[in-house]
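K.L.:
Mind looking over this structure? Questions follow.
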C-alpha cells in the first residue's frame, strides 16, 4: 500500500493520535494514524480532478463544468449552446449531412429555450440590459443587480402594460444607486428609446413596489469619473473630495445636483493645482451645462472662502 501525505481537506482530529502522525490513503479514502494504525475516518471523497493543469488557461480548457449561474441570461445560463464551428472533437470538419443535421438541432434547441411569454419577455429584456450596460460601461455586479430587480418586477407583474426599455432602464438606475455607481438618469435616457419621464416613473414604481432602499447620490462618487475622463491627477481628485467634504459640513450641497457639484469641485481643484480645464470640457464630461458649473463653483468658492487664481 502506497500512502501519500496529501490531505484533500483538513485531517480529522483524534484525542490519541497527534495531527502530524495522521496520513491519508488515497486508494482507500481513509485517514490513518501512523502510531496506532487506527482508521480515524473512512470513505473520504477526494474532490480533486483526475487531470493536472499548470496554467490558468489549461485549467479552464480542461474543466468540465459550465459557467456560474447568472441573472443576466433569461434561463440563468443553465441551457447549453451548439457551436457553429461545424467541427468534431478532433478538429475535423463535419460532413455535409451532419452539418445540415446540426443546423436543424441548433434551430430546435434555440426554440426550446424560449417557450412561455415570460421567457420571451426576459430574453428581450436581458438583450436590452446587455446593450444598455455596454453603452454605460457598467461593471458586472451592477448588471447582475439590475437583472435581479427586473426579475422581481416580472414576478410581481409590474412590467405588464409598460415598455421593457423603460423598466430595464429604471432597474439599471436603481442598481447604480444601490451600488453607488455614478450614472445619472439623463445619461441612461440618452442611450435608450424611452424618455426620461417614463424611466423616472418606472423607477419610482420599482422603489415603491419592490421596497428598494437607495441612498442619496454622493457628489464625491462622481469625482473619479470626471477626473479620469479629463486626464487629471490624483491630487486634483483628493482636493475635490476635500472641497465637497467641507461643503457638506456647511450644508451647501443640500438640494443640488451631485454631478454639478462634483464638476464644480473638480474645476476649482484643477485651477488651484495648475491643471486648468475649461468649464465647457468639465460640463461635457459631467453631463451638465456650463451654466451649472459656473454657478456651483462660484457658490462653493464664496461659501468656503476659496481664493481662485485669475482665469
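The values are calculated or read from the model by the stated rules, or taken from the named source; none is laboratory data. Please read all numbers here as calculations on a predicted model, not as lab measurements. Glycine also receives a Cβ, built like all others from the backbone with ideal geometry; neighbour counts cover every protein chain displayed.
K.L.:
Taking the conditions exactly as written (farther than 23 Å from residue 186 by Cα and at pLDDT 85 or above), does residue 132 satisfy them or not?
P.N.:
No; evaluated as a whole, the condition is false for this residue.
K.L.:
Tally up the residues in the range 279-309 that are part of a loop (DSSP other than H, G, I, E, B) and touching a helix residue (DSSP H, G or I) at 6+ places or on another chain (Cβ under 9 Å), please.
P.N.:
7
K.L.:
I'd like to know if the range 216-228 contains one or more residues that are part of a loop (DSSP other than H, G, I, E, B) and farther than 30 Å from residue 276 by Cβ.
P.N.:
Yes: one or more hits.
K.L.:
Another question, if that's okay. Checking residue 123 against (1) over 20 Å from residue 76 (Cα atoms); (2) surrounded by 12 or more Cβ atoms within 10 Å (Cβ to Cβ), which test does it fail?
P.N.:
(1)
K.L.:
Run residue 152 past the list (1) at pLDDT 90 or above; (2) under 19 Å from the mean Cα position of the chain (by Cα); (3) under 22 Å from residue 288 (Cβ atoms); (4) surrounded by fewer than 22 Cβ atoms within 10 Å (Cβ to Cβ) and report the number of the one that doesn't hold.
P.N.:
Exception for residue 152: condition (3).
K.L.:
From 262, 247, which residue is buried (at least 23 other Cβ atoms within 10 Å of the Cβ), part of a helix (DSSP H, G or I) and not assigned by TED's automatic domain parsing to the domain that holds residue 182?
P.N.:
262
K.L.:
With the condition kept exactly as written, say whether any residue in the range 224-235 is more than 27 Å from the chain's Cα centre (by Cα) and either farther than 30 Å from residue 160 by Cβ or buried (at least 22 other Cβ atoms within 10 Å of the Cβ) (or both).
P.N.:
Yes, the range 224-235 contains at least one residue that is more than 27 Å from the chain's Cα centre (by Cα) and either farther than 30 Å from residue 160 by Cβ or buried (at least 22 other Cβ atoms within 10 Å of the Cβ) (or both).
K.L.:
For the range 4-62, which residues satisfy the criterion of being within 44 Å of the chain's Cα centre (by Cα), exposed (fewer than 12 other Cβ atoms within 10 Å of the Cβ), at pLDDT 75 or above and part of a loop (DSSP other than H, G, I, E, B)?
P.N.:
Within the range 4-62, 27, 42, 43, 52, 54, 55 qualify.
K.L.:
Go through (1) more than 30 Å from residue 149 (Cα to Cα); (2) modelled with pLDDT of 90 or more; (3) out of contact with any helix residue (DSSP H, G or I) (no Cβ under 6 Å at 6 or more places or on another chain) for residue 204 and report which single condition fails.
P.N.:
With (1) more than 30 Å from residue 149 (Cα to Cα); (2) modelled with pLDDT of 90 or more; (3) out of contact with any helix residue (DSSP H, G or I) (no Cβ under 6 Å at 6 or more places or on another chain) applied to residue 204, the lone miss is (1).
K.L.:
Just one of the numbered conditions (1) under 29 Å from the mean Cα position of the chain (by Cα); (2) modelled with pLDDT of 90 or more is not true of residue 287; which one?
P.N.:
(2)
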